[in-house]
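See structure below.
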Amino acid sequence: MAMECIATLPQSFNDNKTKLEDPSIFDPKVINQQLNRIPQQFVWPDHEKPSTNVQPLQVPLIDLAGFLSGDSFLVSEATRLVSEAAQQHGFFLVTNHGVDETLLSRAYLFMDSFFTSPACEKQKAQRTWGESSGYASSFVGRFSSKLPWKETLSFKFSPEEKCHSQTVKDFVTKKMGDGYEDFGKVYQKYAEAMNTLSLKIMELLGMSLGIERRHFREFFEDNQSILRLNYYPQCKQPELALGTGPHCDPTSLTILHQDQVGGLQVFVDNQWQSIPPNPKAFVVNIGDTFMALTNGRYKSCLHRAVVNSERERNTFAFFLCPKGDKVVKPPKELVGGGMSGERREYPDFTWSTFLEFTQKHYRADMNTLEEFSNWLKNRRSF
Ligand SMILES: C=C1C[C@]23C[C@H]1CC[C@H]2[C@]1(C)CCC[C@@](C)(C(=O)O)[C@H]1[C@@H]3C(=O)O
Ligand SMILES: O=C(O)CCC(=O)C(=O)O
Ligand SMILES: [Fe+2]
């Protein structure tokens, strides 16, 4: 990849008075090299600052190959563990997942080469307002405070047979140009592997809920998902910052792979608890949209990412999302078996409307689905 420019902070930045209007001038790595303390925009309020002495959360490790083998004991064990975890905090690990290790290591290599490129190289894929794909550096220009200490590169993904194009590879080629062919191929393949894995997990979730195994698999066959690369640079004052702020994922299912650094935390039993790295496993969590699809039975939980002063951290998050125009509503079996009187917890909605809400109207946090439901009701009452 051509590397002909170096990003530096404008002199005026050092007096810390420069308004960070232009998203292209902010690069946390450059800031770390040139300033002794982090800019105020990255300092989180006291009640949201990282806590010390965070203990690990016990999440079940699901053997996916065992579940898919059809062995009755392994199937019942997998569905039991998933059901318990999903009703409590929505997080579980999957191993024996079938994702190629070489693909995973190439994905990390290309990620490192991208995020260590000069800012002007990364800005070829600059994310624009309201869009969910592209490169973003700390969301400068999108938010004015509580900025996350991270850079992200996000791709839209749809299974090829539906749109006859390789959405991830095509995006990279269009935005980054020559020299990025292999880069585009790796993330196209990674997204396809995540698509395959997520549909297997949807079968597991369907069985764990006691409904048709194929119900949610078919609902998500023609998904329009998001693959996001999270790059968390070292931070000189990690006790003041957050890599990703506290939130519930608005999406349906998140399949996350994290490197060996650690930093993912989940808010369970009224305290932050860590999910330690396990290179052989993917971290899977229920999102708001799937919580609505189960009428609230499975939980979308609050989580965040903390940073550190020693090492940068890399994670891949694949956000499974239904086709934008599909109506999100729970199957009748999950609304009290269709008996009258069982309350619907959330209104019908489409993912495209919910996504637009998070991109144009509301910064996703722990109340996104509730705020979205209210916004929908107000909008529909006019
Ligand atoms: C639909 C999405 C919005 C975010 C990316 C996906 C799922 C997670 C969301 C997010 C990570 C929640 C925390 C705030 C956010 C702004 C972020 O820190 O990146 C959210 C993403 C986004 O709006 O870009
Ligand atoms: O990177 C992590 O550890 C978590 C990121 C996350 O929660 C997200 O991108 O939604
Ligand atoms: Fe998340």
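For the range 242-382, give the percent of accessible area contributed by carbon and sulfur heavy atoms, probe 1.4 Å, rounded to a whole number. All intermediate terms of the calculation are to be shown ahead of the outcome.
Working: 2840 of 5740 Å².
So the carbon and sulfur contribution to the accessible surface is 49 percent.
When only alpha-carbon atoms are used, what values of Rg and Dmax, in angstrom, describe the chain?
Both quantities, over Cα of the chain: 20.7, 67 Å.
Would you tell me the accessible area of K236, worked out with a 1.4 angstrom probe on the heavy atoms of the protein chains, in Å² to the nearest 10?
Result for K236: roughly 90 Å² accessible.
Based solely on its DSSP helices, what 222 nm [θ] is calculated for the chain when runs of n ≥ 4 H residues each add -39,500 (n - 2.57) and the sum is averaged over all residues, nearest 500 deg cm²/dmol?
Numbers: 12 runs with 123 residues, N = 382.
-9500 deg cm²/dmol, from helical runs alone.
Using the Karplus equation 6.51 cos²θ - 1.76 cosθ + 1.60 (θ = phi - 60°), what ³J(HN,Hα) coupling, rounded to whole Hz, does each residue of the range 296-304 give in order, writing x for Gly and Pro?
So the J values, rounded to whole Hz, are x, 5, 9, 9, 9, 10, 5, 8, 7.
Quote to one decimal, in nm, the extra length available between E48 and Q260 on full extension: 0.36 nm per residue of separation minus the C-alpha distance between them.
Result: 73.9 nm gained on full extension.
At 10 °C and 1.306 mPa s, grab the translational diffusion coefficient of the range 223-346 from Stokes-Einstein with a Kirkwood Rh over Cα pairs, rounded to a whole number in µm² per second.
On the way: Rh = 16.0 Å.
Here the translational diffusion coefficient equals 99 µm²/s.
Using a 1.4 Å probe on the protein heavy atoms only, what accessible surface does S158 show? Give it in Å² to the nearest 10.
Its accessible surface works out to 20 Å², give or take rounding.
Among G262, I275, G141, which residue has its Cα positioned farthest towards the positive end of the charge dipole of the chain, with +1 placed on the Cβ of Lys and Arg, -1 on the Cβ of Asp and Glu, and the dipole taken about the Cα centre?
Projecting each Cα onto the dipole axis, the largest value belongs to G141.
Measuring from centroid to centroid over Cα atoms, what is the spacing of the range 110-158 and the range 298-357 in Å?
Cα centroid to Cα centroid, the span is 23 Å.
Would you mind checking the tilt of helix 101-115 against the longest principal axis of the Cα atoms of the chain, expressed as 0 to 90 degrees and rounded to 10?
40 degrees
Could you check which residue among S117, S165, S274 shows the biggest mean-square fluctuation in a GNM of the chain with a 10 Å Cα cutoff?
S165
For a quick check: with amide H placed at 1.01 Å from N, whose amide H comes under 5 Å from F282's, ignoring anything fewer than 5 positions away on the same chain?
Those lying under 5 Å, H to H, from F282 are V94.
If you roll a 1.4 Å probe over the heavy atoms of the protein chains, what accessible area per residue do you get for the chain, in Å²? Display every interim value, and only then the final one.
Values: 16820 Å² over 382 residues.
For the chain, the solvent-accessible area averages 44 Å² per residue.
If amide H atoms are built 1.01 Å from N in the plane of the peptide, which residues on other chains or at least 5 residues away come under 5 Å of the amide H of L253?
So L253 has HN proximity to G287, L320.
Counting only residues 5 or more places away or on other chains, whose amide H sits under 5 Å from the amide H of V99 once H atoms are built in the peptide plane?
Those qualifying (amide H under 5 Å, at least 5 residues apart or on another chain) number zero.
Roughly speaking, to the nearest percent, how much of the range 48-179's 1.4 Å accessible area is carbon and sulfur? Working shown, then result.
Values: 3060 of 5970 Å².
Ligands and nucleic acids excluded, carbon and sulfur give 51 percent.
About its Cα centre, how strong a charge dipole does the range 42-380 have in debye, to the nearest 20, once Lys and Arg get +1 and Asp and Glu get -1 at the Cβ?
On the way: 39 positive and 40 negative charges, 162 e Å.
Using only the charged Cβ atoms, the result is roughly 780 debye.
Which residue, G90, G70, G287, has the largest displacement toward the positive end of the dipole of the range 42-380 when charges sit on each Cβ (Lys, Arg +1; Asp, Glu -1)?
Going by the Cα projections, it comes out as G287.
List the trypsin sites (Lys or Arg not before Pro) within the range 276-382 that DSSP assigns to loop and that have no more than 12 neighbouring Cβ atoms inside 10 Å.
Values: sites: K280, R297, K299, R304, R311, R313, K323, K326, K332, R343, R344, K360, R363, K377, R379, R380; in loops: K280, R297, K299, R311, K323, K326, R343, R344, R363.
Here the trypsin sites (Lys or Arg not before Pro) that fit, given the DSSP loop and packing criteria, are K280, R343.
For the cross-link pairs K150/K280; K175/K280; K150/K189; K124/K329; K200/K360; K200/K326, which exceed 27 Å when the distance is taken from alpha carbon to alpha carbon? Numbers along the way, then the final one.
On the way: K150/K280 24 Å; K175/K280 32 Å; K150/K189 24 Å; K124/K329 39 Å; K200/K360 32 Å; K200/K326 20 Å.
Correct reply: K175/K280; K124/K329; K200/K360.
Between E371 and D222, what length comes free when the chain is fully extended (0.36 nm per residue of separation minus the Cα-Cα distance, one decimal in nm)? Let's see the in-between values first.
On the way: separation 149, 0.36 × 149 = 53.64 nm, distance 2.72 nm.
Here the segment from E371 to D222 would lengthen by 50.9 nm.
Leaving out same-chain residues fewer than 8 places away, which aspartates and glutamates sit with a Cα under 14 Å from that of K332?
E212, E342, E345, D348
The values are calculated or read from the model by the stated rules, or taken from the named source; none is laboratory data. Note that this is a predicted model, so its numbers are computed, not measured. Every residue, glycine as well, gets a Cβ built from its backbone with ideal geometry; the counts of neighbours run over all protein chains shown. Areas reflect the complete protein model, heavy atoms only, side chains present, ligands, DNA and RNA absent. Shrake-Rupley method; radii C 1.70, N 1.55, O 1.52, S 1.80 Å.
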